[in-house]
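Below is one structure, written out as structure tokens, with a few remarks after it.
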Amino acid sequence: QLQLVESGGSLVQPGSSLRLSCAASGRTFSSAALGWFRQAPGLGREFVASISWSGGNTSYADSVKGRFTISRDNAKNMVYLQMNNLKTDDTAVYYCAAGWSPAKFAVDYDFWGQGTQVTVSS
């Protein structure tokens, strides 16, 4: 069992940077794959990035590649999403998720946080 709590969402201007954090509790964190998803109003949940249990394998949506970086610290039970050069299209609720393989589909993740709002607006 894993419990996930996101933080770091905010209102920022286009071109800004923001780092989201996800704190996990549970003994299996270090063996779980982690992902970030986002959901804008009226749209479905969209894959953003994933990372393997070791951190050695990462994957990104084309829309964020080169701007976002996912990382994890297994000693602290934390996963991060560094977001640079934010665009208005990045506005969404961002969710942290945990599963057993670094997949790109929400159904492959078993545990979810409550989400944190990121708003990019001038």
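The values are calculated or read from the model by the stated rules, or taken from the named source; none is laboratory data. Quick caveat, the model's predicted, so the values are computed rather than measured. Cβ: placed from backbone, ideal geometry, glycine included. Neighbour counts: every protein chain shown. Protein only, heavy atoms only, side chains kept; ligands, DNA and RNA dropped before computing areas. Shrake-Rupley method; radii C 1.70, N 1.55, O 1.52, S 1.80 Å.
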Dmax and Rg, reported as Rg then Dmax, of the chain (C-alpha, Å): 13.2, 42
Residue-by-residue Karplus 3J(HN,Hα) for the range 95-102, coefficients 6.51, -1.76, 1.60, Hz, glycine and proline x: 10, 9, 9, 10, x, 10, 8, x
Cα-centred dipole magnitude for the chain, charges only on beta-carbon of K, R (+1) and D, E (-1), debye, nearest 20: 180 debye
Rounded percent of accessible protein surface that carbon and sulfur make up, the chain, 1.4 Å probe: 48 percent
Per-residue HN-Hα couplings for the range 48-65 [Karplus 6.51, -1.76, 1.60; θ = phi - 60°; Hz; x = Gly/Pro]: 10, 7, 9, 8, 6, 4, 8, x, x, 10, 10, 8, 9, 5, 4, 5, 10, 4
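Using a 1.4 Å probe and counting only protein heavy atoms, arrange 88, 28, 116 so the residue with the most accessible area comes first.
Output order, biggest surface exposure first: 88, 28, 116.
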Per residue accessible area of the chain, 1.4 Å probe, in Å²: 50 Å²
